[in-house]
Each structure stands twice: as structure tokens, then as C-alpha cells.
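J.: Submitted below is the structure of interest, expressed as C-alpha cells.
The values are calculated or read from the model by the stated rules, or taken from the named source; none is laboratory data. For clarity, every value in this text was computed on a predicted model and none was experimentally measured. With ideal geometry, Cβ positions are generated from the backbone for all residues, glycine too; neighbour counts draw on all protein chains shown.
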Amino acid sequence: MYGTYGFAFHYEKDGFSIGIDQENGRYVYRRTLDGRTRERTLISSGGRVIVNPVEPLNLPKEVSSHLLVEFEPISIEPGARETIFLTFPIEVAVFVAAKGNYEVVDIFSWNRQKYTLYGLSDRGVIARWWGSKVSFSPPLLNPLREGLLSLAITNTANHWVDVSRLVLDGFGMKIYYEDSATMRAWMRIASTMVAETGCYDAPSSEGQHKSLELYTARSIAGIERSRYMMDQGI
């Protein structure tokens, strides 16, 4: 499903369909998922259609720019570095590229969205919540619902630390894809309550393509938001 297509394209599988038809001199985009159809008329002379996974922070609307992944607690000794494998929720965007401009015509997902509060009510942040199992090698995934999130954890504290969640800022997410989506993240633990997080701008394997980003386009020039300081518990 992911990739770059001409305006006349169709994809259909297991009750899901997506495509563009030319009707009465105009292009009509249609997407059917879970029995519901979204339709949008495109007045254009033609161009490219790009379908790729994006930062999972857009549905049902832009509630938050943070993703919180919660997982089974793991204990890390002082000075240790370990890579674990988690999952993250999939959202898919459809872009139309014409005359040097990109327009988002649709965003959809097979997942239901859940949001939570990270931290205290007076200074915490709303975050998209996602539960994940912990693996020490890449697990089998449902690529329509889950992406592979590799997390490199470094414990810089001088004591053992328990970790059970990860918060990422959407402005720093870098998603790559081929048949499925991947993201590489890091966490540097400072104490039992504080850690800094971010994402690597690199694919997980050769042959992957980098997704067009929605949050980079929304960022304000000169403001660095690629990292996030988890200071209300890890």
C-alpha cells in the first residue's frame, strides 16, 4: 500500500480500498475502511500520490503532539546500555504532490485512539497512549496497526532504574517504511524520575524510504523540539 503512484491508482485488500478515479474531467479520491467511505474531489491537471505512515498524532483530531508508549517494567543497572523493541500505532497519510507542493488529502488508521495525561494535572501533558510488549529482538507485527520501534536505553545514573514508559515529541519523530513502518528512538536516563528522549533520523534496514513528515512542516523556525525531557516519571 505504501509508495508513490500516479493519479490513476487503486489498491484493495480485505474490505479496504483506496484510489483516484477521473470523473467528468475531475479527479475523485475515495477511501473505504470499516464500511465507511471518504471522498474528496481534486481539481488538478495531475501529479503524484504519496501514501506513507506518519506521526500517529493526528486522529481523531490534533489533540496532542506527544506519544506515550507504556510497557512492562524493565530494570537497568548503572552504566548499562540496552536496545529493546516496542511497537507504535500506525496512522497513514495520503499526499498529493503537484507543481512542487504537497497537500494532505486524507489520514486514516485501523486503530482506535486513546489519550492520557503524562505527569501531574497542573504541569503534565496530554499524550497519545499506546500499550506495547517488550522484546529483545524484532517481533512479528500486524503492519496495518503496528510499527516497529527500537529503543536504545542508556542508564547514566549511578543506581538501578526501572523503566516502563517512553514519551516522544511528534516534532522529532522520523518514520521509515517499506512494507511496514519503523522508528528508531533513544532514551538517556538521568535518575529514577528523569530521562531525555529523541529519535534517530535513520532507517532500520536498507531499502527503506523516509516518510513525508507532518510535524516538521508545522514547527516554528529556530525552535528545537526534536527531543523531550521526561521529568515526571519513567
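J.: Failed condition for residue 121, given (1) out of contact with any Asp or Glu (no Cβ under 7 Å at 6 or more places or on another chain); (2) surrounded by 14 or more Cβ atoms within 10 Å (Cβ to Cβ), with all others met?
T.: Single failed check for residue 121: (2).
J.: Consider only pairs whose beta carbons are under 8 Å apart and that are at least six residues apart or on different chains; among these, list those whose first residue lies in segment 7-34 and is over 23 Å from residue 110 (Cβ atoms) and whose second residue is of a type in the set (Phe, Trp, Tyr) and part of a strand (DSSP E or B).
T.: Correct list of pairs: 7/27; 21/27.
J.: What residue, of 102, 27, is within 22 Å of the chain's Cα centre (by Cα), at pLDDT below 95 and either assigned to a strand (DSSP E or B) or of a type in the set (Phe, Trp, Tyr) (or both)?
T.: Details: 27 fails: within 22 Å of the chain's Cα centre (by Cα).
Step by step, each of 102, 27 is checked, and only 102 is within 22 Å of the chain's Cα centre (by Cα), at pLDDT below 95 and either assigned to a strand (DSSP E or B) or of a type in the set (Phe, Trp, Tyr) (or both).
J.: Using beta carbons and a limit of 6 Å, which pairs, at least six apart or on different chains, have the first residue in segment 174-188 and among the acidic types (Asp, Glu) and the second one surrounded by fewer than 19 Cβ atoms within 10 Å (Cβ to Cβ) and at pLDDT 95 or above?
T.: Close Cβ pairs satisfying both conditions: 178/208.
J.: If I go through segment 35-48 residue by residue, how many of them are part of a loop (DSSP other than H, G, I, E, B), without any contact (Cβ under 8 Å) to a residue 24 or more places away in the chain and closer than 18 Å to residue 104 by Cα?
T.: Going residue by residue through segment 35-48, those that are part of a loop (DSSP other than H, G, I, E, B) are 35, 43-47.
If we keep only those that are without any contact (Cβ under 8 Å) to a residue 24 or more places away in the chain too, we end up with 35, 43.
Imposing the further condition that a residue be closer than 18 Å to residue 104 by Cα reduces the set to 43.
Within segment 35-48, residues that are part of a loop (DSSP other than H, G, I, E, B), without any contact (Cβ under 8 Å) to a residue 24 or more places away in the chain and closer than 18 Å to residue 104 by Cα number 1.
This table checks each residue for (1) in contact with a helix residue (DSSP H, G or I) (Cβ under 6 Å, 6 or more places away or on another chain); (2) modelled with pLDDT of 95 or more; (3) among the hydroxyl-bearing types (Ser, Thr, Tyr); (4) surrounded by 20 or more Cβ atoms within 10 Å (Cβ to Cβ).
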position: 14; (1), (2), (3), (4): no, no, no, no
position: 21; (1), (2), (3), (4): no, no, no, no
position: 46; (1), (2), (3), (4): no, no, no, no
position: 55; (1), (2), (3), (4): yes, yes, no, yes
position: 60; (1), (2), (3), (4): no, no, no, no
position: 73; (1), (2), (3), (4): no, yes, no, no
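J.: So, in segment 122-155, of the ones that are polar (S, T, N, Q) and part of a strand (DSSP E or B), which residue ends up nearest to residue 205 (Cα to Cα)? Before you say what the answer is, go through the steps one by one.
T.: Taking segment 122-155 and keeping what is polar (S, T, N, Q), we get 132, 135, 137, 142, 150, 154-155.
Then drop every residue that is not part of a strand (DSSP E or B), which leaves 135, 150, 154-155.
Numbers: 135: 18, 150: 12, 154: 22, 155: 26 Å.
Within segment 122-155, the match that is nearest to residue 205 (Cα to Cα) is 150.
J.: For the structure I just gave you, tell me whether residue 197 is in contact with a His (Cβ under 8 Å, 6 or more places away or on another chain) and among the β-branched types (Val, Ile, Thr).
T.: Values: in contact with a His (Cβ under 8 Å, 6 or more places away or on another chain): no; among the β-branched types (Val, Ile, Thr): yes.
So residue 197 fails the test.
J.: Yes or no: segment 86-95 includes at least one residue that is of a type outside the set (S, T, N, Q), in contact (Cβ under 8 Å) with a residue 40 or more places away in the chain and surrounded by fewer than 16 Cβ atoms within 10 Å (Cβ to Cβ).
T.: no
J.: Suppose we keep only residues that are among the charged types (D, E, K, R) and assigned to a strand (DSSP E or B) within segment 55-76. Which one would you say is farthest from residue 210 (Cα to Cα)? Even if it seems obvious, please write down each step before you answer.
T.: Of segment 55-76, the ones among the charged types (D, E, K, R) are 55, 61-62, 70, 72.
Those left that are additionally assigned to a strand (DSSP E or B): 70, 72.
Working: 70: 25, 72: 30 Å.
So the residue we want is 72.
J.: Assuming residue 86 fulfils every condition listed in (1) within 25 Å of residue 195 (Cα to Cα); (2) more than 15 Å from the chain's Cα centre (by Cα) apart from one, which condition is it?
T.: (2)
J.: Would you be able to say whether some residue in segment 156-173 is at pLDDT 95 or above, touching a His at 6+ places or on another chain (Cβ under 9 Å), assigned to a loop (DSSP other than H, G, I, E, B) and not β-branched (Val, Ile, Thr)?
T.: no
J.: Determine whether residue 51 is in a strand (DSSP E or B), out of contact with any Phe, Trp or Tyr (no Cβ under 6 Å at 6 or more places or on another chain) and hydrophobic (A, V, I, L, M, F, W, C).
T.: Details: in a strand (DSSP E or B): yes; out of contact with any Phe, Trp or Tyr (no Cβ under 6 Å at 6 or more places or on another chain): no; hydrophobic (A, V, I, L, M, F, W, C): yes.
Against the criterion (in a strand (DSSP E or B), out of contact with any Phe, Trp or Tyr (no Cβ under 6 Å at 6 or more places or on another chain) and hydrophobic (A, V, I, L, M, F, W, C)), residue 51 does not qualify.
J.: Only one residue in 21, 34 is out of contact with any strand residue (DSSP E or B) (no Cβ under 6 Å at 6 or more places or on another chain) and farther than 24 Å from residue 151 by Cα. Which one? Talk me through it step by step, then tell me what you get.
T.: On the way: 21 fails: out of contact with any strand residue (DSSP E or B) (no Cβ under 6 Å at 6 or more places or on another chain).
Checking each option against the conditions leaves just 34.
J.: Go through segment 1-18 residue by residue and tally those that are at positive phi and more than 23 Å from the chain's Cα centre (by Cα).
T.: So the answer is 2.
J.: Related question: For segment 82-99, state whether one or more residues are outside any strand (DSSP E or B), farther than 24 Å from residue 171 by Cβ and hydrophobic (A, V, I, L, M, F, W, C).
T.: Quick first cut of segment 82-99, residues outside any strand (DSSP E or B) only: 90, 99.
Still in the running and farther than 24 Å from residue 171 by Cβ: 99.
Pick out the ones that are also hydrophobic (A, V, I, L, M, F, W, C) and you get none.
No: segment 82-99 contains no residue that is outside any strand (DSSP E or B), farther than 24 Å from residue 171 by Cβ and hydrophobic (A, V, I, L, M, F, W, C).
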